[in-house]
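Trainee: To start, I am sharing the structure in question, which I have written as structure tokens.
The values are calculated or read from the model by the stated rules, or taken from the named source; none is laboratory data. Model, not experiment: these values are computed from the prediction. Note that each Cβ is placed from the backbone with ideal geometry, even for glycine, and that neighbours are counted across all protein chains shown.
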């Protein structure tokens, strides 16, 4: 059975760089891991409101159509690559909100991170590691940290810019993808409830 990895775009605001970064991740993944299905999961396509479920996600009882649609999408994947900028030393509110909507759909899957920002999104990734640990997601050590100073070029300060990652970023992303795929496959028996 094919391994499926979702590339989650963790930013929804207009003028975002996240989709460009996710497209780069998808292109590298298609070249480096052709036997794996990588798909972009863009939070902007789901239009999730602020968490509006009466029951906690742990219950698995969803009353809203948007939650069910989100849950069905996330349940399809064996692992994830989260693409996140950094806001005030953390990840985006949209991504935190999307994570909070679900529980079981995240469990026993693998995840890696591609951060971007003035400091490479490293503090956002550190917060995501804590959040995902609570959701029973196994995160990999390798992470990509794209710098606005070195991995993007700008013709004007207010534009999203063009992604121009250095060769070392490609190598790091390749290692990250390898780690996520290996971990996702290793966790498959756990997801399927096989005896240990």
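Trainee: Would you check which residues across the stretch 79-96 are in contact (Cβ under 8 Å) with a residue 60 or more places away in the chain and assigned to a strand (DSSP E or B) and list them?
Mentor: The answer is 79, 80, 81, 82, 83, 84, 85.
Trainee: Quick test for you: out of 116, 103, pick the one residue that is touching a helix residue (DSSP H, G or I) at 6+ places or on another chain (Cβ under 8 Å) and assigned to a strand (DSSP E or B).
Mentor: Checking each option against the conditions leaves just 116.
Trainee: Something else about it: So residue 28 fits all but one of (1) over 24 Å from residue 71 (Cβ atoms); (2) crowded, with 22+ Cβ neighbours inside 10 Å; (3) touching a helix residue (DSSP H, G or I) at 6+ places or on another chain (Cβ under 6 Å); what number is the exception?
Mentor: The failed condition is (2).
Trainee: Select, from 168, 89, 150, the only residue that is surrounded by fewer than 22 Cβ atoms within 10 Å (Cβ to Cβ), touching a helix residue (DSSP H, G or I) at 6+ places or on another chain (Cβ under 6 Å) and over 17 Å from residue 8 (Cα atoms).
Mentor: Just one listed residue meets the conditions, 89.
Trainee: Go through (1) farther than 24 Å from residue 66 by Cα; (2) modelled with pLDDT of 95 or more; (3) touching a helix residue (DSSP H, G or I) at 6+ places or on another chain (Cβ under 9 Å); (4) surrounded by 16 or more Cβ atoms within 10 Å (Cβ to Cβ) and name the single condition residue 141 misses.
Mentor: For residue 141, the exception is condition (4).
Trainee: Another question about this same structure. Can you say whether residue 46 is closer than 23 Å to residue 171 by Cβ and at pLDDT 95 or above, as far as the supplied structure shows?
Mentor: no
Trainee: Can I ask one more? Mind listing whichever residues of the stretch 153-192 are more than 20 Å from the chain's Cα centre (by Cα) and either under 14 Å from residue 77 (Cα atoms) or not in a loop (DSSP other than H, G, I, E, B) (or both)?
Mentor: 153, 162, 167, 168, 189, 190, 192, listed by residue number.
Trainee: From the list 136, 188, which one is out of contact with any strand residue (DSSP E or B) (no Cβ under 6 Å at 6 or more places or on another chain), in contact (Cβ under 8 Å) with a residue 24 or more places away in the chain, surrounded by fewer than 18 Cβ atoms within 10 Å (Cβ to Cβ) and closer than 25 Å to residue 93 by Cβ?
Mentor: 136
Trainee: Would you be able to tell me the number of residues in the stretch 56-76 that are surrounded by fewer than 11 Cβ atoms within 10 Å (Cβ to Cβ) and either at positive phi or not in a helix (DSSP H, G or I) (or both)?
Mentor: 1
Trainee: Any idea which of 17, 76 is in contact with a strand residue (DSSP E or B) (Cβ under 7 Å, 6 or more places away or on another chain), over 17 Å from residue 125 (Cβ atoms) and touching a residue at least 40 places away in the same chain (Cβ under 8 Å)?
Mentor: 76
Trainee: Another question, then. Just give me the residues in the stretch 20-55 being within 30 Å of residue 164 (Cβ to Cβ), in a loop (DSSP other than H, G, I, E, B) and in contact (Cβ under 8 Å) with a residue 24 or more places away in the chain, in sequence order.
Mentor: Result: 33, 35, 36, 46.
Trainee: Here's something else I'd like to know. Suppose the filter is outside any helix (DSSP H, G or I) and surrounded by fewer than 22 Cβ atoms within 10 Å (Cβ to Cβ); does residue 110 pass it?
Mentor: no
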